[in-house]
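The values are calculated or read from the model by the stated rules, or taken from the named source; none is laboratory data. What you see is a predicted model, and the numbers here were worked out from it, not measured in a lab. Here the Cβ is made from the backbone with ideal geometry for all residues, glycine too, and neighbour counts use every protein chain on show.
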Amino acid sequence: MSAGPTPHGPGTEDGGDADRAELHRMLAERSFRWGDFTLSSGRRSDYFFDAKQVTLDGRGLALVASMMLSRCRRLGVTAVAGDDGVGPLLGAVTALSTRDGGTPLHAFMVRKAAKEHGTAAKVAGPAPLPGERVVLVEDVVTSGESLIRAALALAPSGVEVVEAVVVVDREEGGEAALRDHDLPLHALYRRSQFPAPG
């Protein structure tokens with residue numbers, strides 16, 4: 001994993017202003033729900049973020065994938081990876097990479113639980129190559145646990161996990177946790193950019 005510096009948060013390299021504004025609007029209107037929620041960690045929160053309300057919409061998926069691909073090109077990686085929950089994102093980023101004039105990317109999907117049949121492989125997709133540069137993708141980061149787990153699962157293959165790229169950082173300690181594992185975080189948006197309705 002690389003410990004090199006990287007900007008955190010939105011930047012012009014993630015996409016044009018119009019696309020960024022459109023995606024921000026879609027996330028604000030569809031993905032953020034305000035109220036009293038119990039998260040998977042058991043902690044209470046005054047909002048719930050459901051990225052799939054946008055990433056499983058054709059236009060929303062195209063916007064997210066395009067911005068993530070832009071970041072991948074800036075970093076010079078050859079592959080993207082993530083867990084089972086971001087399969088559509090992995091597919092969209094790799095598909096778009098065949099149409100922008102750059103080298104086509106491939107993807108690895110890190111299973112949350114190893115299969116007990118077939119090859120029982122923890123990592124699905126083309127075999128990771130030692131030394132190749134990889135970006136982890138996720139829709140949201142809270143504690144950073146799932147990204148750290150994915151990075152550790154890829155470590156035996158010898159790939160270099162360059163960065164984690166997420167749609168939204170909840171700003172609840174995930175960035176610091178990833179930094180402790182020498183994994184920089186780049187978020188397309190931060191939670192503080194989505195104020196609660198008045």
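Among all positions in the range 34-48, there is no residue which is touching an Asp or Glu at 6+ places or on another chain (Cβ under 6 Å) and either closer than 27 Å to GLY158 by Cα or of a type in the set (A, V, I, L, M) (or both). Output the residues belonging to the range 40-72 that are of a type in the set (Ser, Thr, Tyr) and in contact with a helix residue (DSSP H, G or I) (Cβ under 7 Å, 6 or more places away or on another chain). Listed by number, the residues that qualify are THR55, SER66, SER70.
Kindly indicate whether ASP50 is within 19 Å of VAL165 (Cα to Cα) and of a type in the set (Asp, Glu). Taking the combined requirement at face value, the residue satisfies it. The listed residues are VAL137, VAL168, VAL162, VAL123, and the only one of them that is buried (at least 18 other Cβ atoms within 10 Å of the Cβ) and out of contact with any Lys or Arg (no Cβ under 8 Å at 6 or more places or on another chain) turns out to be VAL137. If you check THR94, THR103 for being under 21 Å from VAL161 (Cβ atoms) and in a loop (DSSP other than H, G, I, E, B), only one passes: THR103.
Among (1) surrounded by 23 or more Cβ atoms within 10 Å (Cβ to Cβ); (2) modelled with pLDDT under 95, there is one condition GLY85 misses while meeting the rest; what is its number? Condition not satisfied by GLY85: (1).
Filtered by the rule that a residue be modelled with pLDDT under 90 and surrounded by 12 or more Cβ atoms within 10 Å (Cβ to Cβ), the range 103-120 gives ARG111, LYS112. Given the conditions (1) in contact (Cβ under 8 Å) with a residue 12 or more places away in the chain; (2) within 23 Å of SER40 (Cα to Cα); (3) not in a helix (DSSP H, G or I), which single one is not true for PRO195? (1) is the only condition that PRO195 fails. When GLY82 is tested against (1) outside any helix (DSSP H, G or I); (2) closer than 19 Å to ASP19 by Cα, exactly one condition is not met: (2).
Within the range 120-135, is there a residue that is part of a helix (DSSP H, G or I), touching a residue at least 12 places away in the same chain (Cβ under 8 Å), at negative phi and of a type outside the set (D, E, K, R)? There is no residue in the range 120-135 that is part of a helix (DSSP H, G or I), touching a residue at least 12 places away in the same chain (Cβ under 8 Å), at negative phi and of a type outside the set (D, E, K, R). Please state which one of THR94, THR98 is loosely packed, with under 13 Cβ neighbours inside 10 Å and of a type in the set (S, T, N, Q). After applying the criteria, what remains is THR98. Among all positions in the range 174-185, there is at least one residue which is over 24 Å from VAL54 (Cβ atoms), surrounded by fewer than 18 Cβ atoms within 10 Å (Cβ to Cβ) and touching a residue at least 60 places away in the same chain (Cβ under 8 Å).
Looking only at residues in the range 55-77 that are over 14 Å from the mean Cα position of the chain (by Cα) and touching a residue at least 40 places away in the same chain (Cβ under 8 Å), which one is surrounded by the most Cβ atoms within 10 Å (Cβ to Cβ)? So the residue we want is VAL77. All told, GLY82 falls short of being more than 12 Å from VAL135 (Cα to Cα) and either in contact (Cβ under 8 Å) with a residue 12 or more places away in the chain or not β-branched (Val, Ile, Thr) (or both). In the range 30-51, the qualifying residues are those that are surrounded by fewer than 21 Cβ atoms within 10 Å (Cβ to Cβ) and either polar (S, T, N, Q) or within 27 Å of ARG133 (Cα to Cα) (or both), and the one that is modelled with the highest pLDDT is SER45.
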